[in-house]
Amino acid sequence: MYDVAIVGGGVTGAFCARFLMRYKVSVVILEASDDVAAGASAANSGIVHAGFDAASGTLKAAFNLRGNRMMQRVCAELGVKYLENGSIVAACGADEERMLADLLARGEKNGVEGLRLLSEEEAHATEPALADGVTGALFAPSGGIVCPYGLTIAAVGNAMDNGAELLCGFTLTAAERSGEDWRLFSEDGRSVMARVVVNCAGAGAERVARVFGDDSFRIGARKGEYILLDRTAGSLVTHTVFPVPSAAGKGVLVSPTVDGNLIVGPTSVEEETPDVSLRREAFAEIAEKAAHIVEGIAFGEMITSFAGVRSYCDRHDFIVGWSRVAGVYLAAGIESPGLTSAPAIGVYIADMVAEKLAAERNEAYSPIRRKPPVFREMTDAERAEMIARDPAYGRIVCRCEQVTLGEILSALRTQPPAHTLDGVKLRTRAGMGRCQGGFCQPAVFNLLMREYGYRAEEVTKKGGRSYVITGGEL
Ligand SMILES: Cc1cc2nc3c(=O)[nH]c(=O)nc-3n(C[C@H](O)[C@H](O)[C@H](O)COP(=O)(O)OP(=O)(O)OC[C@H]3O[C@@H](n4cnc5c(N)ncnc54)[C@H](O)[C@@H]3O)c2cc1C
């Protein structure tokens, strides 16, 4: 029996849980996958949007701005890398320049500070890699970048350090009223009770709402494909460079990541049931669109590609509020800028739910999460000290990203612990470098077996039936 059950361990659910722990309430996160950050929160651009895109007066605009303003502090508290690198919207020609003026006006109306139109010369001086065809730009100094899965994992970890619980592999498929409470059933037969349910199920939010008898909104899905380039190409741009937006969205951007790579994408693909595979034509499409705004992208330095699925709502805005069904709160249709907005949505929902439950403040709550040691970021002196304290930090497992045995063991033992190869990768970057795990994955595989007592056939890439050895059969 919990006070609050949060359905979905993406960035929205993570921040709801984190901020709920400021109150004396018991909280459980119910996540269908075998790890948190399994949906859109793991595969997106990682941009902390300044807030000039969303239509004025919408929840998107309001939460975007608040989330942007909270992000620096939240990342400092959670030990997550964040960089306010500024965003540039690059216009090519007079028609697009007129759209910049509209974006500026909208941004100012939304409350975004420091927006500035740049002439052709100013734009090229600010970002020398802009393509020749760029004739003007909108500069937003408050745009930033963050690691989206790092943020989600850290927010869940901080919630758990403060007493929240996480149940993975819990796919909510049914619910029944029990007095004033809800009994929630998982596909596998488990059940929990909760006084309040918060629906943060991303692409599954419509299905989860229907479980409670709420069919008031539809969730659609659109795929976004990306190319990720090695660090050797990462310093091409210092700002996040967008094209002018279109009806299909914000367009293909070019940006450094907080870890020094270069990210190019996303596409926007309508599919009946979108998955996270890349279409054959995606690479050429991304390269062609990116070349309009940035030149000199070293596509030969590409190390991987991936795709994420946007879940948009037929109401064309975030749905954040009480459902028409008693005891159920909705955070649905959280498409972009949902990553940016997550801290603001989380604190808002936590306050609403705590008020409903008449919960008292939790004086013992700590917003601080101790950042696990990161060997590649240490000075030589810090490394020597770390190795003297724990020799496991003296053994490199992932050569490309310089990840040590100590960091991998920490990822298996720190809340929320990794149980899969991808879980270790998202927490430590082991397998994210140039060789994409060619050297380190067998070692990580063995560590998972040793730590959890798994048989080799039981180790998965990302939970479910993604068995590494048997390829899906067990
Ligand atoms: C291509 C792309 C690019 C984007 N770029 C940006 C960006 O640069 N900046 C930005 O601010 N935003 C961006 N976004 C938006 C942002 O990624 C999302 O808004 C955000 O991640 C949504 O988080 P969420 O927690 O609501 O959903 P998700 O991360 O999808 O999490 C939902 C979770 O619910 C779980 N779930 C579903 N059904 C059930 C069930 N029945 N029972 C239990 N669990 C369930 C899922 O497994 C999943 O883990 C982008 C999105 C995409 C797809």
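Here, each number is a calculation from the coordinates, and none is a lab measurement. Source: prediction; values computed, not measured. All Cβ positions, glycine included, derive from the backbone under ideal geometry; neighbour counts span all protein chains shown.
With +1 on each Lys and Arg Cβ and -1 on each Asp and Glu Cβ, how big is the dipole of the chain about its Cα centre, in debye rounded to the nearest 20?
In total the dipole reaches around 1160 debye.
Measure out, as a whole number of angstrom, how far apart the alpha-carbon centroids of the range 46-109 and the range 418-474 sit.
Answer, in whole Å: 37.
Starting at the first residue of the range 245-254, write each ³J(HN,Hα) from the Karplus equation 6.51 cos²θ - 1.76 cosθ + 1.60 with θ = phi - 60°, in whole Hz, x for Gly and Pro.
Residue by residue, the range 245-254 yields x, 10, 4, 7, x, 7, x, 7, 9, 10 Hz.
Select from Phe445, Ser366, Val424 the residue farthest towards the positive end of the dipole of the range 350-474; place +1 on Cβ of Lys and Arg, -1 on Cβ of Asp and Glu, and compute about the Cα centre.
The residue sitting most towards the positive pole is Phe445.
Skipping prolines and chain starts, which residues have an amide H placed within reach, meaning under 5 Å, of the one on Ala91, given they are 5 or more residues away or on another chain?
Excluding prolines and chain starts, which carry no amide H, the hits are Thr135, Gly136, Ala137, Leu138.
Largest first and in whole Å, what are the equivalent-ellipsoid semi-axes of the chain based on the Cα gyration tensor, each being the root of 5 times an eigenvalue?
34, 29, 21
So who's got an amide H within less than 5 Å of the one on Met302, skipping anything under 5 residues away but keeping other chains? H placed 1.01 Å off N, in plane.
Asp230
Order these by the 10 Å Cβ neighbour count, fewest first: Ile297, Ile368, Ile303.
Listing Ile297, Ile368, Ile303 from fewest to most nearby Cβ atoms yields Ile368, Ile303, Ile297.
Hand me the tally of lysine pairs in the chain: alpha carbons under 26 angstrom apart, and the pair either on different chains or 8 or more positions apart.
Summing the qualifying lysine pairs gives 24.
Which of His419, His316 has the fewest other C-beta atoms within 10 Å, and how do the rest follow up to the most?
Details: His419 21, His316 11.
Neighbour counts put them in this order, fewest first: His316, His419.
Which of the peptides 218-228, 279-289 is most tightly packed, and how do the rest follow, judged by the mean count of other Cβ atoms within 10 Å per residue?
218-228, 279-289
Using a 10 Å cut-off on Cβ atoms, rank the peptides 371-377, 38-44 from the highest mean neighbour count down.
38-44, 371-377
What is the fewest-to-most order of Phe217, Phe52 by other Cβ atoms lying within 10 Å of their Cβ?
So the residues, fewest neighbours to most, are Phe217, Phe52.
Given H placed on each backbone N at 1.01 Å, which residues far from Cys147 in sequence or on other chains put an amide H within less than 5 Å of it?
Lys81
Sorted by packing (mean other beta-carbon atoms within 10 Å per residue), highest first, where do 157-165, 268-276, 101-109 land?
157-165, 101-109, 268-276
Take every DSSP beta bridge with both residues inside the chain and express the antiparallel ones as a percent of the total, to the nearest 5.
75 percent
The range 394-460: which trypsin sites (Lys or Arg not before Pro) are DSSP loop and have at most 16 other beta-carbon atoms within 10 angstrom? List each step's numbers first, then the result.
Numbers: sites: Arg395, Arg399, Arg413, Lys425, Arg427, Arg429, Arg434, Arg450, Arg455; in loops: Arg395, Arg399, Arg429, Arg434, Arg455.
Taking the range 394-460 and a limit of 16 other Cβ atoms within 10 Å, the loop trypsin sites (Lys or Arg not before Pro) found are Arg395, Arg399, Arg434, Arg455.
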